[in-house]
Amino acid sequence: MEKIDLAVASYRKPESLIYTILSLHRQCGRLIDVIYIDDDCSGPECTGLYTDGRLQKAVEPSRVRVRVNSRRAGYGRTIVTARMVRNSAARWLLRGLKGGLHDENDVRYQWAINSTDKPYLFVMHDDIRFGGDIVSVYLDAVRMRDDIAIAGDLGQCWRCLEGRVCSPASIMQGRYPHGYWPLTTSRTGALPRFYERDCRINEWCCMLNVGIARKITESDACYFGNYEDGGDVGAYWFSKIIGKGYGFVDPLPDSSGRNRYYDHGWQGHSGHSVWVDQGTGRSDYAAGMIRELLKEEFDYEL
């Protein structure tokens with residue numbers, strides 16, 4: 001039985017992250033070896049809940065590893081590393097000198113990509129409830145061909161103007177909205193920014209080909225977990241793999257299929273809405289409710 005490793009980023013929502021891990025472990029634990037939790041400087045009151053032994057005991061025989069970023073990476077920023085300065089244009093050098101260079105492991109999920117000894121890495125957010133063995137579904141999909149770089153939930157269709165003529169199912173059938181895809185039409189139409197980066201495989205629940213991810217970083221100084229060229233996590237990277245001839249796959253291109261396996265919005269909002277307004281206002285983090293569920297479903301008391 002081939003095992004995978006798991007990568008999840010942490011920031012000040014330990015209850016939600018632990019619930020998500022236990023929810024996944026209940027469905028797919030036999031397939032998971034190392035769980036990489038990379039924390040963005042939340043403080044010991046958060047990371048201590050990952051390292052006090054209870055989580056490790058709850059997910060055995062999987063192993064928990066925890067890292068804290070060298071300094072705060074934040075949400076929505078492009079993290080500049082020494083590799084990017086060496087391999088990119090002067091704009092990266094200027095950004096690097098202004099803000100200082102990060103350890104490349106501070107880029108979301110990169111510590112797991114650099115550290116895993118598995119060919120495939122499951123990547124997820126810290127706010128998902130799992131109802132089926134999504135790891136097997138995505139692992140089977142990404143292994144269909146050696147050139148597939150990523151498997152998962154395709155598209156940010158709710159924010160993309162191409163949604164009028166496009167869908168994950170049509171993309172998977174080889175029907176693209178225009179010849180410039182995966183670039184998408186700008187929502188503003190203002191020059192010189194006449195395109196957006198709204199299409200990607202969403203990193204809240206996906207399976208990554210580690211070898212290809214490392215090649216893209218080595219050749220292009222491009223990190224899967226970074227924000228670049230106005231795109232959300234993975235969007236710029238998605239265009240890179242397509243340009244280099246690598247494949248991607250969404251084995252569950254409609255919401256009814258995905259909903260059998262996982263629910264990303266079970267808390268009533270997306271995870272980032274706790275920290276930033278994503279168009280619907282800020283949301284409250286229901287730590288108490290999640291602690292009650294941890295006790296009720298897993299006998300796990302915080």
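No lab work stands behind these numbers, since they all come straight from the coordinates. Everything numeric here is computed off the predicted structure, so don't read it as measured data. Cβ atoms come from the backbone with ideal geometry, glycine included; neighbour counts cover every protein chain shown.
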Original post:
What does the helix-only formula give at 222 nm for the chain: each DSSP H stretch with n ≥ 4 adding -39500 (n - 2.57), the total divided by the residues, and the result rounded to the nearest 500 deg cm²/dmol?
Top reply: -9500 deg cm²/dmol
Original post:
Rg and Dmax of the chain, Cα atoms, in Å?
Top reply: 18.8, 56
Original post:
In the range 133-173, which trypsin sites (Lys or Arg not before Pro) are in a loop and have at most 13 other Cβ atoms within 10 Å, using DSSP for the loop call?
Top reply: 145
Original post:
What is the Rg over Rh value, at two decimals, for the range 131-200, using alpha-carbon atoms and the Kirkwood definition of Rh?
Top reply: 1.06
Original post:
Which residue, 55, 17, 208, tops the fluctuation ranking in a GNM of the chain built on C-alpha contacts under 10 Å?
Top reply: 55
Original post:
Given a cut-off of under 8 Å on Cα pairs at least six residues apart, what relative contact order in percent is computed for the range 98-212?
Top reply: 37
**OP:** Exposed loop GluC sites (Glu not before Pro) only (DSSP loop, at most 16 other Cβ atoms within 10 Å): please give the longest stretch of the chain free of them, not including the sites.
**Re:** 3-300
**OP:** Pick out which of 48, 155, 231 has the largest mean-square fluctuation in a Gaussian network model of the chain, springs linking Cα atoms closer than 10 Å.
**Re:** 48
Subject >> the range 156-199, relative contact order in percent, only Cα pairs under 8 angstrom and at least six apart counted >> reply: 41
Original post:
Can you pull the semi-axes for the range 100-167, root of five times each eigenvalue of the Cα gyration tensor, sorted largest first, whole Å?
Top reply: 25, 20, 14
Original post:
Any idea what % of Cα-Cα pairs in the range 158-250 are farther than 20 Å?
Top reply: 36
Subject >> Residue pairs, from the table 118/295; 118/244; 3/215, whose Cα atoms sit over 25 Å apart >> reply: 118/295
